[in-house]
1. When you scan the range 253-352 for helices (runs of 4 or more DSSP H) that lie fully inside it, which ones turn up with 2 or more residues that are of a type in the set (S, T, N, Q) and within 18 Å of ARG243 (Cα to Cα)?
2. Checking the structure you have, find out if any residue of the range 237-247 is part of a strand (DSSP E or B) and on the phi > 0 side of the Ramachandran plot.
3. Could you tell me whether any residue of the range 89-104 is closer than 28 Å to LEU232 by Cα, crowded, with 16+ Cβ neighbours inside 10 Å and in contact with a Ser or Thr (Cβ under 8 Å, 6 or more places away or on another chain)?
4. Within the group VAL70, VAL94, VAL80, which residue is of a type in the set (Val, Ile, Thr), within 25 Å of the chain's Cα centre (by Cα), modelled with pLDDT of 95 or more and farther than 14 Å from ILE31 by Cβ?
5. Within the range 236-248, track down each residue that is surrounded by 15 or more Cβ atoms within 10 Å (Cβ to Cβ), touching a helix residue (DSSP H, G or I) at 6+ places or on another chain (Cβ under 7 Å) and not hydrophobic (A, V, I, L, M, F, W, C).
6. For a quick check of your reading of the model, give me the residue pairs whose first member lies in the range 172-198 and is more than 17 Å from LYS273 (Cβ to Cβ) and surrounded by 15 or more Cβ atoms within 10 Å (Cβ to Cβ), whose second is among the aromatic types (Phe, Trp, Tyr) and modelled with pLDDT of 95 or more, with beta-carbon atoms closer than 6 Å and at least 6 apart or on different chains.
7. Looking at the range 358-373, can you tell me whether even one residue there is more than 19 Å from LEU26 (Cβ to Cβ) and either surrounded by fewer than 23 Cβ atoms within 10 Å (Cβ to Cβ) or of a type in the set (Gly, Ala, Ser) (or both)?
Amino acid sequence: MTSSCGEHHIRVADVFEGRWPDRTPLCEQVIPSSVATEILGREAFTGSSALRYQEALSWLRSDQAHAEFVEQVFEDAVAVHRALDLDILFLPGVGMQKPTKQIDDCTLLFGDPDTDNWNLYTFDQDSQQFGVLKSGTPPLNVEQVVAQMRATIAGYDPAAQPARLTPFQERAVAECADEFVIGGSSFMIVPMQPGWLEASLLEPQLVAEHLDVVVERNLASMALQRQNGIWLFNGGGDFAYNRGPVYSPQFFEEIMAPRWKRLFDWCRENDAKYVFRSDGNLWPVADSLFGWANPHAYYEIDRDAGMQLDKLRARFPELVLMGSISCDVLQRGTPEDVKEQTLACLEAAAPRCIIASANSILHGTPLDNLAAMYETAKSYRPRG
């Protein structure tokens, strides 16, 4: 896995094997365009919901402008990863549909307003957030969710729906595979919406059959990515709030965990690593998830929801712990606050840890605070 690759690969592989690397690895799964612009000293387009707004505006200029924008997103993402000396290349998400029209400077209409298939999005300049203001399509009720799951199960045809790399994955494999560990993709959730959660109570076996299809699609996608040299899968899916999971421990243990385990086991059989991501308090299902199902790593560790690294390390000694530096402390604290929290994470979790923000860098995060986090990690050495 690392014999012909550079220091980033070796460093990350060392952590997964429980060896002390030359320095603690670093990563960020989302770097907002505003922060990347400060880092690079020029306008940059790299991530956060503002990127979706910026992409939508490029569509309004022309198809050629959109193609040029997507090209710049990839180049800027690689440039900011190099500038920060990050070890894992997480690829930004593009693919925003073309808007129907622009209502004003910050408001865009998507879809057909003469039907119920439309969404009105707005961009907030202060927070740099882009989200739905109004929609013609209400959330699915349980009957619609059940019908959708049955259609998915009946219509699944792997031969007619082959896995494909995304354009960014293809380019990263071609241009960056020797330099960075490329973060591959995997995803599986029961959406945290009333219709889906009601279905998990009323039709658990149907949900299980639907998730079996999701697992098969994941396995096909992961196999293709692995064939192209990607060995780290940034996966998982949110299913918890600060008070705990949105469904019962019994549902998780009987329905979710066995299907997660299929993905984790596949990685072990194919010399790959799986990173499970979810915010929230996962303690009610931690033994089932991190013990029995056994992913390689845990990201988006939510310390504010009680997911403390020292407790995680004590219970799961081989689990690689990623992130856990509070996004709020990074955005609002001092460099000394950031250094203190980073050191605490390293003392609790190293060598099986990768330093990053708990979820993603937020708009308005001072560069001095990012430097404090990364330099503290780089200079850390075990005691004794």
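1. On the way: elements: 257-269, 309-315, 327-332, 335-349.
In the range 253-352, there are no helices (runs of 4 or more DSSP H) which contain 2 or more residues that are of a type in the set (S, T, N, Q) and within 18 Å of ARG243 (Cα to Cα).
2. Just the residues of the range 237-247 that are part of a strand (DSSP E or B), to begin with: 240-241, 244-245.
Imposing the further condition that a residue be on the phi > 0 side of the Ramachandran plot reduces the set to 244.
There is at least one residue in the range 237-247 that is part of a strand (DSSP E or B) and on the phi > 0 side of the Ramachandran plot.
3. Yes, that holds for at least one residue.
4. Working: VAL94 fails: modelled with pLDDT of 95 or more; VAL80 fails: farther than 14 Å from ILE31 by Cβ.
So the residue among VAL70, VAL94, VAL80 that is of a type in the set (Val, Ile, Thr), within 25 Å of the chain's Cα centre (by Cα), modelled with pLDDT of 95 or more and farther than 14 Å from ILE31 by Cβ is VAL70.
5. GLY244, PRO245, TYR247
6. VAL190/TRP196
7. Initial filter on the range 358-373 (more than 19 Å from LEU26 (Cβ to Cβ)): 363-364.
Of the ones still in play, those that are also either surrounded by fewer than 23 Cβ atoms within 10 Å (Cβ to Cβ) or of a type in the set (Gly, Ala, Ser) (or both) are 363-364.
Yes; the residues of the range 358-373 include at least one that is more than 19 Å from LEU26 (Cβ to Cβ) and either surrounded by fewer than 23 Cβ atoms within 10 Å (Cβ to Cβ) or of a type in the set (Gly, Ala, Ser) (or both).
So that you can scan it fast, the table gives a plain yes or no per residue for (1) in contact with a strand residue (DSSP E or B) (Cβ under 6 Å, 6 or more places away or on another chain); (2) surrounded by fewer than 21 Cβ atoms within 10 Å (Cβ to Cβ):
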{"position": "VAL214", "(1), (2)": "no, yes"}
{"position": "ARG259", "(1), (2)": "no, yes"}
{"position": "ARG268", "(1), (2)": "no, yes"}
{"position": "TYR274", "(1), (2)": "yes, no"}
{"position": "ASN281", "(1), (2)": "yes, yes"}
{"position": "ALA286", "(1), (2)": "no, yes"}
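The values are calculated or read from the model by the stated rules, or taken from the named source; none is laboratory data. Fair warning: this is a prediction, and the values are worked out from it, not measured in the lab. Using ideal geometry, Cβ is built from the backbone for each residue, glycine included, and neighbour counts are taken over all protein chains shown.
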